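Data block below; observations after.
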Amino acid sequence: MQRSNFRWVMAALIFSISFISYMDRVNLSVATPAIMGEFGFTKMDMGFIQTAFFCGYAAMQIPGGMMAEFFGQRFTTALAVTWWSVFTAATAAASSFTQFAIVRALFGLGEGPIFPSQNNFIYRWFNKSEKAFASSFMLGGAFIGPVFGPAITVALMLAFGWRMVFVIFGAAGIVLAVAWWFFGKNNPRQSPFVNAAEVAHIEEGMVQADAGAAKQVAPWSKFITSSQFWAIGLQYFITDYIMYVFLAWLPLYLMEARGFSLAKMGIAASFPWLALAILVFFTGFISDKLIAAGMSKYKARTFFGCVGLILSGTALYLAANATTQTMNLVWLTVSLGSLGFTFNASWASCIDIGGKFCGTVSGWMNFWGNLGGVAAPTLTAWIATNYGWQAALLATAFSAVIGVVCWILVKPDKALVG
């Protein structure tokens, strides 16, 4: 029997959902100058509004992963996409600081479960030799979003105003939620589009109990006492902190500190995100190949995790001290792009050490990552306001050292549960 390959259709749908999720996030940062002008908000105000999203988002990471394991990825992902799309559209109706903060916090609650749920889906739907590359679709979609987000958002803003941006992308999210409900079965055995040969390929080497139904609860007493569990969370705090500085402030930084016009910013801001997306796919492909060739998961994942942070911090330091627009943009692109090594290693390591509980481990890791997201907008705004943009970039660059130290303790070749 010729093997079907429907799992890669699902990878494309995962890519699309991740793409829209990050488009919905970056839209606010691109619209920030217009919103600040209309409502008289300061950088600190916008920093708190961004932080409201991350509070909601971080709060749903661990519950989201546990929901995916207990209720299944079909229900969890469909609910999450529908919820966040409704509040994406509702952003257009906000007219005060309080309303913006509440709507963005509720938007964050909806986006919270998506990555833990999708990582759990990847564990159940992909062969052990495909998991890092499959994770690249989840991450690549997320990081392609900001590539096109600035240019598309600027075009829509110029044509229809900033409010219509949120309405249009809210509607797009509802369409994807319906598609996921129809195609995204909890188990490939339940899908009419997956034949027996593809099921056998997916489940090769998987403990049959792990390939079965949902409704499992992670052994938290074992997890919470593990140094690996804490290390994977803390390294992701640093990784996400650096990334969210870019997500929240890159458009305004380019305009305010480097003199880019709105139109030029829309193009320039896409280059760092394009580099990040490319490196995510490259790392996923190479990582799987290296492990298949006999390299240990510890060496492959740890190498990429550490190298990404080292390169990112170094390049961000050089960007802060660049004397021209061009060199500043080049080093910013290298800095964010280098995190592609670390992001892929992080999510693949959740599957490696978490196994059937990778949803919970992913939620834990992303919870810590988004505590970095909570801190990044407001702390960066405070540093930039009081000490300037150069100081804000330098502080972000030096934080990478902490992440490198944590990576040594992740040990991706050692499962948390035997």
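Annotations
- Estimated Rh, the stretch 277-359: Kirkwood, alpha-carbon pairs, angstrom: 13.5
- Overall dimensions of the stretch 98-149 by Cα: Rg and Dmax, Å: 14.5, 48
- Evaluated at q = 0.17, 0.20 Å⁻¹: base-10 log I(q)/I(0), Debye formula over Cα of the stretch 232-285: -0.65, -0.80
- Counted by neighbouring Cβ atoms within 10 Å, the residues 84, 220 run from fewest to most as 220, 84.
- Relative contact order, percent, the chain [alpha-carbon distance under 8 Å, six or more residues apart]: 27
- Taking the C-alpha atoms only, the angle from helix 73-90 to the longest principal axis of the chain is near 10 degrees.
- Net lengthening on full extension, residue 36/residue 295 (0.36 nm per residue, minus Cα-Cα): 88.1 nm
- Shape summary of the stretch 58-178, radius of gyration then Dmax from alpha carbon positions: 15.8, 50 Å.
- Taking every alpha-carbon pair under 8 Å whose residues sit at least 6 apart, the stretch 323-418 reaches a relative contact order of 36 percent.
- Extended-chain gain in nm, criterion 0.36 nm per residue less alpha-carbon gap, residue 285 and residue 220: 20.2 nm
- Highest average first, the peptides 36-46, 403-413 ordered by how many other beta carbon atoms sit within 10 Å of their residues are 403-413, 36-46.
- At the listed q of 0.09, 0.15 Å⁻¹, the Debye profile of the chain, built from one uniform point per Cα, gives log10 I(q)/I(0) equal to -0.50, -1.40.
- Here the Kirkwood formula puts the hydrodynamic radius of the stretch 243-397 at 16.5 Å, using every distinct Cα pair.
- A straight chain from residue 98 to residue 264 at 0.36 nm per residue would run longer than the Cα-Cα distance by 56.6 nm.
- The label point for residue 401 and the one for residue 414, both projected 7 Å from the Cα toward the Cβ, are 2.6 nm apart.
- The number of Lys pairs in the chain with C-alpha atoms less than 15 Å apart, excluding pairs fewer than 8 positions apart on the same chain, is 17.
- The distance linking the stretch 102-177 with the stretch 32-65 is 17 Å (Cα centroid to Cα centroid, whole angstrom).
- C-alpha long axis of helix 162-183 to longest principal axis of the chain, angle in °: 0
- Helix 43-59 and the longest principal axis of the C-alpha atoms of the chain enclose an angle of approximately 10°.
Bear in mind these aren't lab numbers, they're just calculated from the coordinates by the rules spelled out. What you are looking at is a predicted structure, and each value in this text was computed from that prediction instead of being measured. Here Cβ is always computed from backbone atoms with ideal geometry, including for glycine, and neighbour counts include all displayed protein chains.
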